[in-house]
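These notes concern the structure reproduced below.
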Amino acid sequence: MVKADVEKGFLNGGNFSSRSGCYQEIEFSNGALINKKEIELSFVLDGTLLHCLAEVDRSLSLRGDQYTSFTLPLSASDQDVAQAVQRVLSV
């Protein structure tokens, strides 16, 4: 984990939009010099659902930034969370 902060603005994911004007962002990096990969996860709580927008940055990549999102119920199992995160890591 590199940093965690609150960003000013709005998020638009595949099936959600934020409404509060700010959102939490947590940034992770693999720390590599070659094939460096950074993932920023932003979360929006909506009743009993947690929405996540993931931005995947790769240095030295021609693909540029990629975005993916997922939604989980607050009652999601550890396995549900692991599967959602695995999809983000494979981007």
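The values are calculated or read from the model by the stated rules, or taken from the named source; none is laboratory data. In this text, all values refer to a predicted model and were calculated from it rather than measured experimentally. Positions of Cβ are generated from backbone atoms using ideal geometry, with glycine treated the same way; all protein chains shown enter the neighbour counts. These accessible areas exclude ligands, DNA and RNA; they are computed on the full protein's heavy atoms, side chains included. Shrake-Rupley method; radii C 1.70, N 1.55, O 1.52, S 1.80 Å.
Computing the accessible area with a 1.4 Å probe over protein heavy atoms, can you report the carbon and sulfur percentage for the chain? Its accessible area is 54 percent carbon and sulfur atoms.
Per residue, how many Å² of accessible area does the chain show with a 1.4 Å probe?
Solvent-accessible surface per residue comes out at 66 Å².
For Asn30 and Leu74, the difference between the fully extended length at 0.36 nm per residue and the C-alpha to C-alpha distance is 13.1 nm. Take Asp65, project a point 7 Å from its Cα along the Cβ direction, then tell me which residues of the range 13-36 have their backbone nitrogen under 14 Å from it. Hits in the range 13-36 for Asp65 at 14 Å: 13, 25-28. Helical content alone sets the calculated 222 nm signal of the chain at -4000 deg cm²/dmol, taking -39,500 (n - 2.57) per DSSP H segment of four or more residues and averaging over every residue.
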